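All remarks here apply to the structure that follows.
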Amino acid sequence: MRLHALLSLASLLPSALAVFADDAYHVDYHHALLGLPQQHTSFFQQPYAGSKAALIYTLSDKLVLGAVNPKDGHIVWRQSLASSDAIKSWLRAGQGQDTVVAAVGSHVTAWSAADGRLVWSAESLSGPVQDLEIIEIEDSEVSAGPKDVLVLFNASTPVVSRLDGKTGQVKWSFEDESGDAPLQVLASGAGIHYVSLHTTLLGGLKIKVVSLDQSTGHKTDQYSLSSESDLSSVDSILFVGANSASPILAWTDKFSRALKVNIVGTKSVASLDIEGKDGVGIDTISLHAPLATNSMPHFLVQIQTAQSHWADVYHIDLKRSLISKAYSLPRVAGKGAFATSTVDANVYFTRITADEVTVVSSVSHGILGRWPLKATAVPDLSDQPYPVSAVSEVVSRSGSAQAVRSAVLFSNGEWALIRNGEVTWSRPEALAGVTAAIWAELPETESLADQLEIESHGNILAAYIHRVKRHAGDLQYLPGWLQKLPSRILANFSGGSTRRPLDGLQKDSFGFRKLIVVATEKGRMAALNAGGSGKILWSMDTVPLTAEEKWTPQLRTSSGGAIAVHDQARGLSLLIDAATGKLLPVDPHVNSAFRHPSTGAAVVSYSLAEGEVRAHTPGQENPIPLWRFLPATDESILDITPRPADDPVASIGKVLGDRRVLYKYLNPNLVLVTAVHRTASTLSVYLLDSTSGDVLYTASHSGVDVTRKITSAISENWFTYSYTLDVSSSSLSRGHQLVVAELYESAIPDDRGPLDTAANYSSFQPAAAPGDVAKPHVVSQTFQISEEISKMSVTQTRQGITSRQLLAVLPESNSIVGIPRNVIDPRRPVGRDPTPAEVTEGLVRYSPVVDFDPKWYLNHKREVFGIVGLITSPSLLESTSLIFAYGLDLFGTRVTPSFSFDVLGKDFNKLQMLATVVALFVGVMFVAPLVRRKQINSRWQIT
Amino acid sequence: MRLPHPLLLLSTALLTLAASPVSNLDLIIYAWPVLPSSTPTPLAQISYNPTTLNATLESWTPPTEPIDATALLRIGLHDPQAPAEASWTGIATSASSLDPAYRKKLTLFTDGEGRVWRVGFSAFARGSGEEEVLVEVQGRNEGPRPVLNRPVVLNKEGKVEGAKEEKTFLQKYWWAIGIFILVQVVAGGGGKE
């Protein structure tokens, strides 16, 4: 018994794979992204009081809260706050505080600024958050702890609550029962104000300001501004100044001719003219004001037209409640971004245009510093990027700006830190939210295969001349090759060759250098170099989209290193060169038919549309419906998972311990359909033959939580799917389950079913053999797993000899695991120990729970957020499969499910091997004469 | 999957005729060619029992008009009241499958309530004396459940039923201690000279 256990343990050993410590961070690459930072939720801030260095905090449009180190652009910490009901988001930090407070949806959360740990969280049951502020100026009692938070909830009766900065407990609440639409809350030196909008009979909006007592929340004062004549929608309210010494309310009139500004606390409205300088319509007006309580009451109004932009700086006289224009900043062609920063009481405005960075003080128009802007790092094929928004930090000494660093979001989605005009780092935030990705081969100008093709088809003489010419042509590379030879040999012996970064676009002998073409939901496409640590090669805006639209194109490889992009919703068809990103002319005939990747034959095309699977006749101009699949009554299809078109299988059978063979059911046209019955909470899986539409296998699971992730994968002769059981399930177990099913030609070993060894088989034509041939024998088992799986995929290798791994994305722990195939083998014996024959097969006793071994985690110390897809690709090495995961983050690595049996490890010392050979040779040279003499002596001497 | 023995199928069909607790339901299976426009024509009429999952073929009317043997056919279900393009569900097969020289198998897939939601079809070589058309009903197939370990059951004394009581050290090794003492006693005598 014990021997068996030992043997079974031993059989498990090769599967106990892990990412080796010296491979981690070398074979994998990771773009940890945040999403596009928003201007109003990004700022520089010290992580704790007295800290010398500041971090950049941002809450992105993907609702990821992150702290970025301004020195190198690395993420210090990240938290995903994504929620379904979130429309707007807020992020605030009090001066000299060690927490940042974020509000998304109806949740308010405080996070430790230094390490991103949750400090407290508060949830409103009444409605979503409408505004969030930090009470900077404490009223009576001076508390040392974190400053309190002011939240406005947009419920049926809007509520203003003051939350304890330490615990998130409500200190007081003020309910507004007037029925007006809540707009914002203000916490400033002038007290707490609640701003709401009252709709008048004529449709205009009247701004109502309620003053609240800071310590009790009681209403102390209330007044309305007569804004109804020029304010008709919330969108024309530009700014409600928060936390500054003199909060202001600013809105534009209906024609964007004048800017109306009110100093909160007073009833007067100042009207400031906006001059249209070049006679063109104004696109946007934005207002930039300092947010520090002790800063000077100055603000800047930026006016952007299609051609140019300029700005006016205004000063507020607090004593007389007057607003006056101080100076104007000149008009500059193109688009620009302004950022406000404060040093003590001084306010500085940083202006970033497409070609320079300038800093001015709010007091006078004299330029304190000017730096020309150098181009951004990543080649962008679309238009010249321009700055969209920016946050800045200015170092000022004796009246002039010594240095300025700005985190600028460019129109191409690059978030860059510009320090004195130089790009210190740049983050490709445009790639956050990839919806489709595909592998592409490296371009080869003239592949050897093509040349040999020409030679084999010509007559002998022509082929000979061609070959001589080709060899002569190849001679030009000889000097270069000879030049590199010594360095290559040296690199080989020092073991450096495997560590050398692969950045070029030339093919490598291992096939690790491949391209990945990705498409983002914002209509952008980019290419990454999988061999060169995921470097972005090009990036371009492909499709213009509105803010709400999400782009989910289909990508397919086309001939000649091109990628075909299909967007059925827009009727768009593009052909893109994977290496350069250039658009190629589309040949309409090539793309219309789905073709088999290796044979080129037209195949039956099918798709999931309108809740059903439809297939059409192949290779025709006007395809005719061939078969149609609707799931059982009241079920709706979740997804279809086809067997990969290129899925090599090394062995057609599985050799059992007693030398008999179970033949695999290898149908290239398998497609797995998952469907759920939402009211009955059942999950059904259907295995179809995609040529005829025949149902080969069905299975139903009841008591399934249909709102959670249900995902499936299919490869070779097995498929798998996972789901979560709900509370009502009649099953004895609860939680997440993984089902694995294997398909065989027959249940009996050494039997191939009625079809036997027939070379051809048709899904349409009647079979010549007696018996129902098309149905596989299915062996399946269910395992209990510890975590939900959101996406599954299977590793692919060149010949399919290497055992496979099931790759699973675990969204709860932000990781990806590679589950060895033999752990989830459905033939594991249940309720008994394996027989000696089964042990030799590598089968171990079934245990209902599959724990994710820490060694299976492919992401090791990295955290991969928001993964929506996984793609795999074989490399030229049989042992190795390339993996790329996409979504919010981009993560790539390579795995060796059966170890790297076909490549020398890094620790293999070539020098030592050579030294051993040399030493042996020297030894032989030295010993050979001695031996020879001894042999001669032994024959001639008689002693 | 191996085919169930034909005799077995025949016997179940006979059983259906004998007694059925729930009344049998009728089902018409249609066939029509894969062409841009074609109307489904009845291929088979089947009477099946949704609870016992037995079915009998009432009539078999393959298309009479000669179809090109390489042409494709759709076989499936269709709601005669609704337009054919919208209401059908079915599979594709070759027209030559309907040749009387082949044996056909119609599989009716039923859901939990016994309603047929899909039809499967296959054709294969026909042995002499075998029926031309076989009908099989496939009900809802429950997916596998995890085989859980049995919980440990304790009796009234809080002990595992049937488990052997653990022997104490003395009970286990009394003989070794005995030998040791014996050796000590026997060998000890000669010590004093």
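The values are calculated or read from the model by the stated rules, or taken from the named source; none is laboratory data. Keep in mind it's a predicted model, so treat the numbers as computed, not measured. Cβ coordinates were reconstructed from backbone atoms using ideal geometry, including for glycine residues, and neighbour counts include every protein chain displayed.
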Among the residues of region A:192-207, the number that are out of contact with any strand residue (DSSP E or B) (no Cβ under 8 Å at 6 or more places or on another chain) and closer than 10 Å to A:SER233 by Cα is 2
Being free of Cβ contacts under 8 Å to residues at least 60 places away in the same chain, small (Gly, Ala, Ser) and crowded, with 16+ Cβ neighbours inside 10 Å is the requirement here; does A:ALA53 meet it? no
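So that you can scan it fast, the table gives a plain yes or no per residue for (1) surrounded by 14 or more Cβ atoms within 10 Å (Cβ to Cβ); (2) within 14 Å of chain A (Cβ to nearest Cβ); (3) hydrophobic (A, V, I, L, M, F, W, C):
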{"position": "B:LEU106", "(1), (2), (3)": "yes, yes, yes"}
{"position": "B:GLN138", "(1), (2), (3)": "yes, yes, no"}
{"position": "B:LEU148", "(1), (2), (3)": "no, yes, yes"}
{"position": "B:GLU157", "(1), (2), (3)": "no, no, no"}
A:HIS40 versus (1) over 20 Å from A:PHE153 (Cβ atoms); (2) in a strand (DSSP E or B); (3) at pLDDT below 90: which is the lone unmet condition? (1)
Being surrounded by fewer than 22 Cβ atoms within 10 Å (Cβ to Cβ) and more than 9 Å from chain A (Cβ to nearest Cβ) is the filter here; which residues of region B:117-135 pass it? B:SER128, B:GLY129, B:GLU131, B:GLU132, B:VAL133
Against the condition modelled with pLDDT under 85, within 9 Å of another protein chain (Cβ to nearest Cβ), within 30 Å of the chain's Cα centre (by Cα) and closer than 22 Å to A:ASP634 by Cα, how does B:GLY112 come out, does it pass? yes
When residues of region A:813-824 are limited to those that are aliphatic (A, V, I, L, M) and not in a strand (DSSP E or B), the one farthest from the other protein chains (Cβ to nearest Cβ): A:VAL823
Yes or no: region A:762-779 includes at least one residue that is surrounded by 22 or more Cβ atoms within 10 Å (Cβ to Cβ), among the charged types (D, E, K, R) and away from chain B (no Cβ under 14 Å). no
When every residue in region B:80-103 that is more than 30 Å from A:THR679 (Cβ to Cβ) and facing another protein chain (nearest Cβ under 8 Å) is compared, the one surrounded by the most Cβ atoms within 10 Å (Cβ to Cβ) is B:THR93
Which count do you get for residues in region A:88-135 that are assigned to a strand (DSSP E or B) and of a type in the set (Ser, Thr, Tyr)? 5
When A:ARG117 is run through (1) without any contact (Cβ under 8 Å) to a residue 12 or more places away in the chain; (2) surrounded by 15 or more Cβ atoms within 10 Å (Cβ to Cβ), the failure sits at (2)
When you look at A:TYR697, is it over 26 Å from the mean Cα position of the chain (by Cα), modelled with pLDDT of 90 or more and either farther than 21 Å from A:TYR761 by Cα or small (Gly, Ala, Ser) (or both), yes or no? no
Give the residues of region A:67-97 that are at pLDDT 90 or above and acidic (Asp, Glu), sorted by residue number. A:ASP72
With in contact (Cβ under 8 Å) with a residue 12 or more places away in the chain, at positive phi and not basic (Lys, Arg) as the only criterion, which of A:ASP634, A:ASP639 stands out? A:ASP634
Kindly evaluate A:VAL159 against the criterion of being without any contact (Cβ under 8 Å) to a residue 40 or more places away in the chain, under 15 Å from A:ASP213 (Cα atoms) and crowded, with 19+ Cβ neighbours inside 10 Å. yes
Against the definition (facing chain A (nearest Cβ under 10 Å) and in contact with a strand residue (DSSP E or B) (Cβ under 6 Å, 6 or more places away or on another chain)), how does B:LEU77 come out, yes or no? yes
Out of all the residues in region A:798-812, is one or more within 12 Å of chain B (Cβ to nearest Cβ) and of a type in the set (Gly, Ala, Ser)? no
Need the failing condition index for A:THR220 against (1) crowded, with 16+ Cβ neighbours inside 10 Å; (2) part of a strand (DSSP E or B), just the number. (1)
Where a residue in region A:80-105 is over 28 Å from A:GLY145 (Cα atoms) and its partner, wherever it lies, is hydroxyl-bearing (Ser, Thr, Tyr) and modelled with pLDDT under 90, with Cβ under 8 Å and at least six apart: A:ASP85/A:SER106
Quick one: A:ILE789 ticks every box in (1) more than 26 Å from A:SER651 (Cβ to Cβ); (2) within 13 Å of chain B (Cβ to nearest Cβ) except a single one, so which number is it? (2)
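For region A:217-233, state whether one or more residues are within 17 Å of A:LEU132 (Cα to Cα) and modelled with pLDDT of 85 or more.
Checked region A:217-233: at least one residue is within 17 Å of A:LEU132 (Cα to Cα) and modelled with pLDDT of 85 or more.
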Number of positions in region A:647-669 that are outside any loop (DSSP other than H, G, I, E, B) and of a type in the set (Phe, Trp, Tyr): 1
